[in-house]
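Student: I have a structure here, written as structure tokens, and I will follow up with some questions on it.
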Amino acid sequence: MRIISPSEVAAQTQNKYLGVLVAAKFARYMNEFPRDPTVKLEQKLTTSALDALVRGKLKYRLVRRRRQEA
């Protein structure tokens with residue numbers, strides 16, 4: 001099992017917190033797809049998402065929040 005350090009995540013994003021948020025959102029996206037029960041995954045979806053982010057295979061963009069009007 002490969003350990004992904006916070007500095008590796010921060011190298012691909014602005015900081016480690018943003019990297020974890022991007023990877024978590026991608027893992028939730030991957031979880032929406034149907035899975036084949038005969039295929040066993042090598043690693044968890046979150047680990048796969050972090051690995052894709054660190055390797056530069058995951059592209060993202062920041063979207064500014066809309067202000068809530070009261």
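The values are calculated or read from the model by the stated rules, or taken from the named source; none is laboratory data. The structure displayed is predicted, hence computed values, not measured ones. Neighbour counts are summed over all protein chains in view; Cβ atoms, including those assigned to glycine, are modelled from backbone coordinates with ideal geometry. Only protein heavy atoms, including side chains, enter the accessible area calculation; ligands, DNA and RNA are left aside. Shrake-Rupley method; radii C 1.70, N 1.55, O 1.52, S 1.80 Å.
Student: Identify the residue in the stretch 31-54 that is β-branched (Val, Ile, Thr) and open to solvent by 80 Å² or more (accessible area, probe 1.4 Å) and, among all such residues, is modelled with the highest pLDDT.
Tutor: Among those residues, the one meeting the criterion is Thr38.
Student: Also, quick follow-up: Cβ-Cβ below 8 Å, separation at least six or inter-chain, first residue in the stretch 1-29 and free of Cβ contacts under 8 Å to residues at least 60 places away in the same chain and open to solvent by 40 Å² or more (accessible area, probe 1.4 Å), second among the small types (Gly, Ala, Ser) and not in a helix (DSSP H, G or I): which pairs?
Tutor: Gln12/Gly56
Student: If you go through the stretch 1-41 one residue at a time, how many are among the acidic types (Asp, Glu) and part of a helix (DSSP H, G or I)?
Tutor: 1
Residue-by-condition table, conditions (1) polar (S, T, N, Q); (2) under 15 Å from Lys16 (Cα atoms):
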| position | (1), (2) |
| --- | --- |
| Arg35 | no, no |
| Glu42 | no, no |
| Leu45 | no, no |
| Ser48 | yes, no |
| Asp51 | no, yes |
| Gly56 | no, yes |
| Lys59 | no, no |
| Val63 | no, no |
| Arg67 | no, no |
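Student: I'm trying to understand the selection: among the residues of the stretch 52-61, which are out of contact with any Gly (no Cβ under 8 Å at 6 or more places or on another chain) and in contact (Cβ under 8 Å) with a residue 12 or more places away in the chain?
Tutor: Ala52, Val54, Gly56, Leu58, Tyr60
Student: Counting only residues that are under 17 Å from Ile3 (Cα atoms), assigned to a loop (DSSP other than H, G, I, E, B) and not acidic (Asp, Glu), how many does the stretch 42-70 have?
Tutor: Qualifying residue count, the stretch 42-70: 4.
Student: Ok, one more. Search the stretch 1-41 for residues being β-branched (Val, Ile, Thr) and over 10 Å from Leu53 (Cα atoms), and hand back the single one that is farthest from the chain's Cα centre (by Cα).
Tutor: Thr38
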